[in-house]
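A short write-up of the structure that comes next.
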Amino acid sequence: MKVNLRNLKFDDYIELRQAAIESYSGLSNAHWEPEQLKKLLDIFPEGQLCVEVNGKVVASALSIIVNYERFTDFHTYDQITAQSTFSTHSSEGDTLYGIDVFVHPEFRGLRIGRRLYDARKELCESLNLKAIIFGGRMPGYFKAADKMTPKEYIEKVHIQQIYDPVLSFQFANDFHVKKVLKGYMPDDTASKEYAALLEWNNIYYTPKTDIANKTAARIGVVQWQMRLFPSFDILIEQVEYFIDAVASYNCDFAVFPEFFNAPLMAETNHLGSRQSMRALASYTEAVKKKFSEFAISYNVNIIAGSVPMIENEKLYNISFLCHRNGNVDFQKKIHITPDEVGYYGIKGGDDIKVFQTDAGKIGILICYDVEFPELARYLASQDMEILFVPFLTDTQNGYNRIRHCAMARAIENECYVAIAGCVGNLPRVSNMDIQYSQSAVFTPSDFAFPTNTVKAESTPNTEMILIADVDFNLLKELKQYGSVRNMKDRRTDLYELVWKSKTKQ
């Protein structure tokens with residue numbers, strides 16, 4: 001007999017499905033569909049394990065990685081797996097969650113299950129994850145349900161007074177019970193819908209030292225007035241003034257508006273809008289350098305508004321995230337307005353991401369992008385806590401589109417949204433004549449937050465800074481106990497959001 005432990009392949013599907021059916025004779029939907037296996041292999045191939053005996057797959061252990069704080073100890077199988085679509089998987093998560101493990105009945109007694117569990121533990125350690133967690137079935141409980149509670153049953157299994165084909169094995173593999181779950185798998189009649197939430201802790205886990213475990217952040221929003229500057233250096237002096245002011249309030253973030261450096265286009269306005277915007281792009285490297293220096297010296301993470309950037313002869317609208325540790329990330333604007341296309345020839349980017357900072361997970365959507373709910377939802381699915389929106393609008397109509405869409409994004413994605421805009425007038429720069437803005441920080445809508453969902457807002461059309469504190473614990477409580485739970489109650493059995501582009505920034 002030849003026994004081999006390895007990673008699953010899609011070609012194993014038929015044997016995998018047959019082994020699952022034989023292993024779960026009491027469950028109606030225990031088998032796996034081809035698209036489910038394909039999804040798991042696409043998102044987390046190293047987490048899908050199998051054992052073959054004499055070349056035939058007879059056992060398997062399937063896993064995903066989750067950010068466990070999103071679910072806590074109160075969850076069902078459908079919630080943790082998003083109705084088996086696995087959109088809850090996050091490579092940035094902290095917990096290896098076991099979604100299935102089984103051994104064909106004909107091959108039990110060969111310690112195959114232990115091989116799978118040992119491999120899972122090694123994977124957990126190699127990925128530096130906190131723990132392995134899963135809901136363990138109690139298939140023998142139906143025989144004792146009229147005599148004892150689930151808790152009593154689990155205790156008797158633990159002290160070996162009762163044998164349970166699943167729980168006894170879990171206890172032998174050093175797992176401990178965190179909680180008894182009711183309704184974990186409603187079709188598990190043998191377990192009477194109960195499950196033991198089991199955990200194995202990785203004693204070698206080391207928290208990531210570059211990420212602070214902050215429960216709150218302070219945001220500084222710069223409402224920037226457009227006016228002519230005689231030189232780049234004078235404009236940067238004004239930038240530094242605001243960063244200094246924001247930093248003096250111990251802010252974790254400072255955010256500037258879209259195209260805040262447009263006043264520099266005055267010197268090339270005679271060339272026409274397209275050439276003038278491309279000329280403005282010649283300052284972009286210097287802007288990035290200066291903002292990065294300020295982020296370090298003033299100890300504040302800076303969302304540097306947005307600036308034009310030329311890449312492979314194409315013109316993009318880009319926002320730099322300058323971390324206070326010296327790292328620099330960027331986000332391109334995805335959706336380009338008709339004016340940006342017509343006047344400047346700007347192209348849209350094709351990727352978005354959540355950025356891990358030392359003060360929380362953030363996303364950046366530039367102006368028009370916040371009017372497209374799919375983008376913010378995609379970021380929220382990756383545990384974004386704050387969404388920053390640098391914008392530039394000329395009229396109240398344009399501003400209100402940004403404002404109301406940003407408020408909606410905060411509610412539907414259970415996150416904070418900070419918007420930063422320009423005010424004032426800008427003579428001698430075509431298509432930048434007037435500006436309207438009222439910068440603000442918005443919240444979700446529930447008892448723990450302001451009734452109008454406005455944490456703070458600036459005076460309209462006045463140059464100023466806005467300071468607001470946001471509490472991440474309130475977001476966690478909302479996701480679990482809110483009056484409504486938009487993220488948790490999504491019908492992912494009916495729909496899901498998929499990012500098609502494979503391009504990486």
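Any read-out appearing in this document is the output of simple, stated calculations on the displayed coordinates, not a laboratory observation. All figures in this text were calculated on a predicted structure; none of them were measured in a lab. No Cβ is skipped: glycine too gets one built from the backbone with ideal geometry, and neighbour counts run over all protein chains shown.
Summary table
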quantity	calculated
Estimated 222 nm signal from helices in the chain, with DSSP H stretches of n ≥ 4 weighted -39500 (n - 2.57), rounded to 500	-8000 deg cm²/dmol
Cα gyration tensor category, rounded, prolate or oblate, for segment 371-505 with a/c compared to 1.5	oblate
Ranked 411, 336, criterion: other C-beta atoms within 10 Å, fewest first	411, 336
Relative contact order computed over segment 217-481 (Cα-Cα under 8 Å; 6+ residues apart), in percent	22 percent
Potential lengthening between residue 395 and residue 430 on full extension [0.36 nm per residue; Cα-Cα distance subtracted]	11.0 nm
Helix 284-297 vs. the chain, principal-axis angle (Cα, 0 to 90°, nearest 10)	70 degrees
Span from the segment 193-256 Cα centroid across to the segment 35-72 one, whole angstrom	35 Å
Rounded tilt (10° steps) of 112-126 against the dominant C-alpha axis of the chain	20 degrees
Two-site label geometry, residue 454 and residue 214: point separation in nm, points 7 Å out along Cα→Cβ	2.5 nm
Sites residue 447 and residue 78 - FRET efficiency at Förster radius 25 Å, r taken between beta-carbons, to 0.05	0.40
Rounded to the nearest 20 debye, dipole of the chain from Cβ charges on Lys, Arg, Asp, Glu	800 debye
Extension reserve of the residue 477-residue 299 stretch, reckoned as 0.36 nm per residue once the Cα distance is removed	61.1 nm
Among 223, 295, 447 - extreme Cα towards positive end, dipole of the chain, charges at beta-carbon	447
Cα-based equivalent ellipsoid of the chain: semi-axis lengths in Å, sorted from largest, via gyration tensor	52, 23, 19
Cα-based convex hull, segment 217-481, per residue volume (Å³, whole number)	109 Å³
Exposure rule at most 15 other beta-carbon atoms within 10 Å, DSSP loop chymotrypsin sites (Phe, Trp or Tyr not before Pro): the chain longest free segment	250-446
Nearest-ten-degree value, helix 232-248 long axis tilted from longest Cα axis of the chain	50 degrees
Two-site label geometry, residue 2 and residue 234: point separation in nm, points 7 Å out along Cα→Cβ	8.0 nm
Spin-label model distance (nm) - residue 500 vs residue 176, 7 Å beyond Cα toward Cβ	5.0 nm
Calculated P(r) tail over 24 Å for segment 1-128, as whole % of Cα pairs	26 percent
Cβ charges +1 (Lys, Arg) and -1 (Asp, Glu), total dipole of segment 3-201, debye	460 debye
